[in-house]
1. Please give the calculated 222 nm ellipticity per residue for the chain, where each DSSP H segment of at least 4 residues contributes -39500 (n - 2.57) and the sum is spread over every residue; nearest 500 deg cm²/dmol?
2. Please compute the length gained on full extension between SER43 and ARG142, using 0.36 nm multiplied by the number of residues separating them and subtracting their Cα-Cα distance.
3. Mind listing which trypsin sites (Lys or Arg not before Pro) in the stretch 112-197 are in a DSSP loop and have 14 or fewer other Cβ atoms within 10 Å?
4. Using DSSP to define loop residues, name the chymotrypsin sites (Phe, Trp or Tyr not before Pro) in the stretch 150-250 whose beta-carbon has at most 14 other beta-carbon atoms within 10 Å.
5. Mind giving me the nanometre distance, one decimal, between the label points for LEU184 and LYS29, set 7 Å out from Cα along Cα→Cβ?
6. Which percent, nearest 5, of DSSP beta bridges in the chain are antiparallel?
7. Work out from phi, with θ = phi - 60° and the Karplus expression 6.51 cos²θ - 1.76 cosθ + 1.60, the ³J(HN,Hα) of each residue of the stretch 92-100, listed in order in whole Hz, and give x for Gly and Pro.
8. What accessible area per residue comes out for the chain, rounded to a whole number of Å², with a 1.4 Å probe?
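The values are calculated or read from the model by the stated rules, or taken from the named source; none is laboratory data. What you are looking at is a predicted structure, and each value in this text was computed from that prediction instead of being measured. Every residue, glycine as well, gets a Cβ built from its backbone with ideal geometry; the counts of neighbours run over all protein chains shown. For the accessible areas, the whole protein counts, side chains as well, though only heavy atoms, and no ligand, DNA or RNA atoms are used. Shrake-Rupley method; radii C 1.70, N 1.55, O 1.52, S 1.80 Å.
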Amino acid sequence: MSLLVLALAGPGVATAQADWHTALNPQAKALLEQPLSASPIDSELLAIANKDRAGLALPALQSSDSLAATARAHARDMALSGLVSYADPSGRSLLDQVRLSDRTALIGSFASSIAVLGAGASAEDIHAAIQSDASNAENLRRGFSHAGTGTYEFGGRVYVVQLFARIDGALEQPLPVNLAYSELITPTLASASMTPVGWSVSDAQGELLARGNGRRILSANRGPVAGYLNLDVAVGADVYTLRGPFVEVN
C-alpha cells in the first residue's frame, strides 16, 4: 500500500499562493465548496489511539470539534491542491488554522501527524502507518488532553490529519475577531495553580506586536493590531504562554 507519513518538526511552510483555489479544475472547485462532515473512520482512529494510551497508563484524549474541523478542512485542502504540508496552501500553520476558528481555547501545547495512503485503507492501517514514524508515535505519548482527526478521500488516496492539543483553559465567552480598543478577557484555567499575569499579540511568524499586563487587551499606541492572542500565566515562579484566538484590535 502506497504510504506517505510526515512528522511535525516545526511549523510547515507552503509554497503555493494564497489564490491556489483559482487554479483548481472545475471538479475540485465544486468539492471545495461542499460542506465537510465527519467520517466514521475519524472516530475509529481516536478510539484506537485511546486504546494505545490506556495501555501506556495515559488518560484518554477528549474529542475536540474545533481540532477535528480544522483537520478535515486541511485534509481536503491537501487532496485538492496536491500539496502535502503542515501549512495550508496560503502558508498558515495548522496551529494558526485552529486559532483562527476556535474562539475560546487556550492551548498550552500542540502537535500534528499527517499520512497519505491508498483509498480504502482501514483505521487500523492508518494508525499503523502513522505510528511507524517515531515522531508521530511520540505524539501519542505526550501529555495532550484533546485530539481531532480528519480524513478525505480523493484521487485514489485517503488524506489523514491528526491534531493534538493540551487545552489548559478556555475563555468564558467566545472572543470576537474584531475587538474594541479595550477588551477584558475572562479565562477559566484548567489548574487552580495558574494565574493570568499578562497578554500579548503576535503575528504568524511569532513576532511580538503588542503586550500588556493583566487581562485587559489594549491596542499598541492606540493603533490597530491584528494577530494571535497569547495569555501569560504564572505557575509558581514560572510563566507559561497559552495560545488563544486570532484577533484584530482597533
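1. Result for the chain: -8000 deg cm²/dmol, rounded to the nearest 500.
2. Working: separation 99, 0.36 × 99 = 35.64 nm, distance 1.98 nm.
That works out to 33.7 nm of additional length.
3. Hits after loop and neighbour filter: ARG142.
4. Passing both the DSSP loop test and the Cβ count: TYR181.
5. Each label point lies 7 Å from its Cα, and together they span 5.0 nm.
6. Given both bridge residues lie in the chain, the antiparallel proportion sits at roughly 95 percent.
7. With coefficients 6.51, -1.76 and 1.60, one gets 7, 5, 4, 4, 5, 4, 5, 5, 6 Hz.
8. Result: 47 Å² of accessible area for each residue.
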